[in-house]
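For reference, the structure is listed below as C-alpha cells.
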Amino acid sequence: MPIENRRPTGRHFIYLLLLGSIMACQNAEPLETANAVISDDGSRVEYSGVGGETALETLRDLTDVDVRVTSLGEFVTGVAGRSAAGGHQFWMFLVNDQTVRVGAGDYIAKPGDRITWVLKTHTPTPKPKDNVAEQQKDAAQ
C-alpha cells in the first residue's frame, strides 16, 4: 500500500510527540531557577536569590505579588495571596537574615543570597497622657 493512502495511527502521533520533546530538550538552555518556601500561615517566604535579578523580580517569578507604587518605588503589600492588613502590617525583606538599605526592586541578588520576606505588625507607641486627671483616673481603675 502506498504511503499516501495510509492513515496515521495513535502510534505515529506518539512517535512525533516524543521526537518533538527530545528535540526541544536538546535545544533548551539551562535556566537558573529558584523555589519559594512559604510558611503554613503565609507570613514568611524564603528563596534563593537569582544572581543579576532584583529580589522583587525573582519574587514575582515565584508567586503572586501585590505592590503599591510610591515616589520611592514599589512597596510590596501582598505576597503569595497574603496581604498586609491595613496600616498596621507590612512586608519586610531580608537578605541573608540582614536588613538592607535599598528596596527589593533595587537590590540585585548575588549567587548564594537567601531572600526572606516576613509579614510584620507595627504596634504604635501609646501617646503619653496629656493631663493629670486622665492619669489619676487610669491609676484608680
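Okay, here's what the table says:
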read-out	value
Residue 127-residue 114 pseudo-label distance in nm [points 7 Å out on the Cα-to-Cβ vector]	4.3 nm
Chain lengthening between residue 64 and residue 44 when straightened (0.36 nm per residue, less Cα-Cα)	5.8 nm
Ranked list, fewest to most other Cβ atoms within 10 Å of each Cβ, for 43, 71	71, 43
Debye log10 I(q)/I(0) at q = 0.10, 0.20 Å⁻¹ for the stretch 37-121, Cα point scatterers	-0.21, -0.88
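Read-outs throughout are calculated quantities, based only on the coordinates presented, and are distinct from any laboratory measurement. Because the structure is a prediction, the values reported are computed rather than measured. Positions of Cβ are backbone-derived with ideal geometry, glycine not excepted, and every protein chain shown enters the neighbour counts.
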